[in-house]
Amino acid sequence: MSRWRPPQAASTAIITRDGHQRLKEELDHLWTTLRPEVVRALAAAAAEGDRSENAEYTYRKKQLGEIDRRVRYLSKRLQVLKVVDSPPTDSRAVFFGAWLLLEDDHGRPHRYRIVGPDETDAGRSWISIDSPLARAALKKRIDDEFEADLPAGRVAFCVVAVSYEGPPDG
């Protein structure tokens, strides 16, 4: 079995204003706070002598590589992201940044927010605009029904509420 993996599909390069600010803060924290600490710890571990059997040196070297990888990614990604901070002209339809209240075919309510791929958060029910559910919901209006191909199978939903100000009541 080889280590080759097919390239990932390109993700949509849009983000909310808050998400963009969080990524900038993460980059700043990594570069100005965390990286210098790891470099100091790496230098201290290197000064202890034989590096071939120095677990602290190996760990810090790996940690520095991970930080540098994330810094490179964030630096490149922040340059191409387009910040979307205004609601669409048609606020009754589902577009990027929408808070949704959906009802599945069993009558269970589901609340989601459609955000950029860099700011998805399952704990907050923030789904990527590239996800199958978000793609199926785009341009739908209140009382529209649609189906989405989810990992559990094809599921039918009905749009109950759409909001761009915050989570809809319902």
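When segment 118-156 is filtered for residues that are within 18 Å of Leu23 (Cα to Cα) and in contact with a Ser or Thr (Cβ under 8 Å, 6 or more places away or on another chain), the ones remaining, listed by number, are Asp118, Glu119, Thr120, Trp126, Ile127, Ser128, Ile129.
Of all residues in segment 19-55, those being open to solvent by 90 Å² or more (accessible area, probe 1.4 Å) and in contact (Cβ under 8 Å) with a residue 12 or more places away in the chain number 3. Could you check, for segment 31-53, whether at least one of its residues is of a type in the set (Val, Ile, Thr), part of a helix (DSSP H, G or I), at pLDDT 95 or above and touching a helix residue (DSSP H, G or I) at 6+ places or on another chain (Cβ under 9 Å)? Scanning segment 31-53 turns up at least one residue that is of a type in the set (Val, Ile, Thr), part of a helix (DSSP H, G or I), at pLDDT 95 or above and touching a helix residue (DSSP H, G or I) at 6+ places or on another chain (Cβ under 9 Å).
When the residues of segment 79-93 are filtered to those that are over 13 Å from Glu165 (Cα atoms) and part of a loop (DSSP other than H, G, I, E, B), which remaining residue is least open to solvent (accessible area, probe 1.4 Å)? My answer is Leu81. Taking the conditions (1) within 16 Å of Arg92 (Cβ to Cβ); (2) loosely packed, with under 15 Cβ neighbours inside 10 Å; (3) among the charged types (D, E, K, R); (4) modelled with pLDDT of 95 or more in turn, Glu165 satisfies each one other than (4).
Of the residues making up segment 54-74, at least one is assigned to a loop (DSSP other than H, G, I, E, B) and at pLDDT below 95. Cβ contacts < 7 Å: first residue modelled with pLDDT of 90 or more, restricted to segment 77-88; second residue basic (Lys, Arg), any location; separation 6+ or different chain. Result? Listed pairs, sorted by first residue: Leu78/Lys24; Val83/Arg17.
Among the residues of segment 114-146, those identified as more than 12 Å from the chain's Cα centre (by Cα) and open to solvent by less than 50 Å² (accessible area, probe 1.4 Å) are Leu133, Ala134, Ala136, Ala137, Leu138, Phe146. Of all residues in segment 60-70, none are touching an Asp or Glu at 6+ places or on another chain (Cβ under 7 Å) and open to solvent by 70 Å² or more (accessible area, probe 1.4 Å).
The values are calculated or read from the model by the stated rules, or taken from the named source; none is laboratory data. The structure displayed is predicted, hence computed values, not measured ones. Every residue, glycine among them, receives a Cβ derived from its backbone with ideal geometry; neighbour counts consider all protein chains shown. For accessibility, only protein heavy atoms count, side chains too; no ligands or nucleic acids. Shrake-Rupley method; radii C 1.70, N 1.55, O 1.52, S 1.80 Å.
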